[in-house]
Amino acid sequence: MGRGMGARRPAGLEDERFWTALDTLIATSTITIDRPRGSTHPSFDDVRYPLFYGYLAGTSAMDGEGIDVWLGTRGARTVSGVVLTVDLAKRDCEMKVLIGCTPEEMAQICEFHRSGAQSAVLVPRTDAGDRS
């Protein structure tokens, strides 16, 4: 059978393929940090970035810009999870890739994206605790 109806893989295998694909994208991309930890948002002076925020150079996300990334304090270039956002003011959805983040940092980043017209959900990598 093809990849259509009835041709299913076990969820765990698909999940691992997703995380491995993100790991490969991170490993083969240059991370550009354009918002250092503690810096303010370009349009909102009261918004401060809790960690380093940037993008993967040479990639494209749904907004036409590079794929957004957050860098945690673990130092590893392994994906810890993703934050999925909906911004009603901008009328868009995005995925932010979390790299080398602790569980506390992932929660902090998710909360950062739950302000104003934004909503966000954290999707942690289930084996992220084993990757430091």
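Values in this text are rule-based calculations from the coordinates and carry no lab data. Predicted model only: the values in this text are computed from it and were never measured. Here Cβ is always computed from backbone atoms with ideal geometry, including for glycine, and neighbour counts include all displayed protein chains.
Of the trypsin sites (Lys or Arg not before Pro) found in the range 39-132, the ones in coil according to DSSP and having at most 15 other Cβ atoms within 10 Å of their Cβ are ARG77, LYS90, ARG91, ARG114, ARG131.
Eigenvalues of the alpha-carbon gyration tensor of the chain, scaled by 5 and square-rooted, set the equivalent ellipsoid semi-axes at 26, 18, 15 angstrom, largest first.
Placing +1 on each Lys and Arg Cβ and -1 on each Asp and Glu Cβ, with no other charges, gives the range 32-130 a dipole about its Cα centre of roughly 120 debye. Run the paramagnetic zone check for GLU16: 7 angstrom along Cα to Cβ, then residues of the range 104-126 with backbone nitrogen under 17 Å. Zone members listed by number: 125-126. A DSSP coil position with no more than 15 other Cβ atoms inside 10 Å describes the following GluC sites (Glu not before Pro) in the range 39-127: GLU65.
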